[in-house]
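The values are calculated or read from the model by the stated rules, or taken from the named source; none is laboratory data. The model shown is predicted, which means the values in this text are computed figures rather than measured ones. Note: ideal-geometry Cβ built from the backbone for every residue, glycine included; neighbour counts use all protein chains shown.
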Amino acid sequence: MKSLKITTLVAAAAVTISAISLPAFAADRVYKLKMAETWSANFPIFGDAPRNMARMAEEMSNGRLKITIDSSNKHKAPFGVFDMVRSGQYDLGHSASYYWKGKVPNTLYFTTMPFGMITPEQYGWFYEGDGMKLMEKVYQPFGLLSFPGGNTGNQMGGWFQKEINSLDDLKGLKMRIPGFAGEVLAKLGAKPTNIASGELYTALERRTIDALEWVGPSLDLRMGFHKIAPYYYTGWHEPATELQFLVNQRTWKKLPDDLREILRVSMKLAAYDMYTQSYHESGVNWATMASEYPNIQVKTFPKEVLAAMKKANQELLAEKSAADPVAKEIIESQAAYMKTARVWTNISDRAYLESVDSLAE
């Protein structure tokens, strides 16, 4: 938090100095932007990211950039953010890129991929690799810009009312699971669906669905899923789930250069701040879960099931690559970056953890 304040102050100082050279009318003009978010009002962590971004943007611009946020409770379209920002009804949006795969299939790769990159690797791909360039290539034809909007870290594999012991247990399973992972499970005989966050508990309680994945202990416990689904599986499908800030290109072009940079920096800081918040809350809530909810049964999918999931994932990637040259470019870029970055992940983080764990009594 201290480093964030220092960064904000430095950025604010730089913007103030640059503003001195601007014409008086430009330096004084206030730009009022509207943002639509997929989340309901006061939704923790996910909803904190856009509000932190808006606060920082206003502070760093000395009040010249004001952003108001409408939650799904107000605009009534949690999965309509893409269209609302594209049409100009809203200037900005906060959501998740893989929600738009039905409209623009290649958007799903920018949230997370099964068996893919973990968060540091993914951020490296976005900012140092080809991630941002490829994301612009996908969104530009729709009059939109997309920026990383906050990462949950590695997500849990979900809450299940029945234990998964074999591939047969996936057949006919009705599960809330979005993105590419839903396609993987469908290939194995499950029936994936996507449901807005505010409807998840009711759907699981009423057996409209048999299982769901949401995030992890940072958010799952407060949703109450443990009360109606005792089996909590570790992850495979979302090793680094990045939300997104959507920006209408017409809005972006109307902003002066300094406010564009302030908006860019505010989004980047808010995204990383969400990652640290989510990581912290997961650690705290995991300890709470162990002490207060001992009946939760933490499970890992059987190797047979994981192997089938990975095989299905590889087959689907091959199909997408063969059918769409842009998908092929994204898939190959992610695979190449992960191959390089994973060597360092293994020799640094993995080796360190294994070394330390070997000393445990």
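So, of the residues in the stretch 192-219 that are polar (S, T, N, Q) and part of a helix (DSSP H, G or I), which turns out to be farthest from the chain's Cα centre (by Cα)? For the stretch 192-219, the residue satisfying everything is THR202. Taken over the stretch 29-77, the residue count meeting the criterion of being within 20 Å of the chain's Cα centre (by Cα), under 22 Å from VAL265 (Cα atoms) and among the hydrophobic types (A, V, I, L, M, F, W, C) is 8.
Search the stretch 234-281 for residues being acidic (Asp, Glu) and under 15 Å from the mean Cα position of the chain (by Cα), and hand back the single one that is nearest to LEU212 (Cα to Cα). Ranking the candidates gives GLU238 first.
Answer yes or no as to whether ARG207 is out of contact with any helix residue (DSSP H, G or I) (no Cβ under 9 Å at 6 or more places or on another chain) and in the same structural domain as ASP91 (by TED's automatic domain parsing).
It is false that ARG207 is out of contact with any helix residue (DSSP H, G or I) (no Cβ under 9 Å at 6 or more places or on another chain) and in the same structural domain as ASP91 (by TED's automatic domain parsing).
Whether any residue in the stretch 152-168 is part of a helix (DSSP H, G or I) and in contact with a strand residue (DSSP E or B) (Cβ under 9 Å, 6 or more places away or on another chain) is what I want to check. Looking through the stretch 152-168, none of the residues is part of a helix (DSSP H, G or I) and in contact with a strand residue (DSSP E or B) (Cβ under 9 Å, 6 or more places away or on another chain). Restricting to the stretch 226-280, and then to whatever is outside any loop (DSSP other than H, G, I, E, B) and among the acidic types (Asp, Glu), can you tell me which residue is surrounded by the most Cβ atoms within 10 Å (Cβ to Cβ)? This residue is GLU242. On inspection, ALA287 fails the criterion of being within 30 Å of LYS311 (Cβ to Cβ), free of Cβ contacts under 8 Å to residues at least 12 places away in the same chain and not assigned by TED's automatic domain parsing to the domain that holds TYR98.
Out of curiosity, is ILE347 outside the structural domain of TYR127 (by TED's automatic domain parsing), among the aliphatic types (A, V, I, L, M), more than 24 Å from GLY216 (Cα to Cα) and surrounded by fewer than 14 Cβ atoms within 10 Å (Cβ to Cβ)?
Against the criterion (outside the structural domain of TYR127 (by TED's automatic domain parsing), among the aliphatic types (A, V, I, L, M), more than 24 Å from GLY216 (Cα to Cα) and surrounded by fewer than 14 Cβ atoms within 10 Å (Cβ to Cβ)), ILE347 qualifies.
A single entry from GLY129, GLY102 fulfils the requirement of being more than 14 Å from the chain's Cα centre (by Cα) and either under 21 Å from ALA323 (Cα atoms) or surrounded by fewer than 16 Cβ atoms within 10 Å (Cβ to Cβ) (or both): GLY102. One residue stands out in the stretch 25-81 among those that are polar (S, T, N, Q) and within 29 Å of GLY198 (Cα to Cα): the one that is surrounded by the fewest Cβ atoms within 10 Å (Cβ to Cβ), namely ASN42.
Could you tell me which residue of the stretch 294-319 is surrounded by the fewest Cβ atoms within 10 Å (Cβ to Cβ), considering only residues that are of a type in the set (D, E, K, R) and either closer than 18 Å to GLU163 by Cβ or in contact (Cβ under 8 Å) with a residue 60 or more places away in the chain (or both)?
Result: LYS303.
Within the stretch 127-138, not a single residue is touching a His at 6+ places or on another chain (Cβ under 7 Å) and either of a type in the set (S, T, N, Q) or closer than 30 Å to ILE347 by Cβ (or both).
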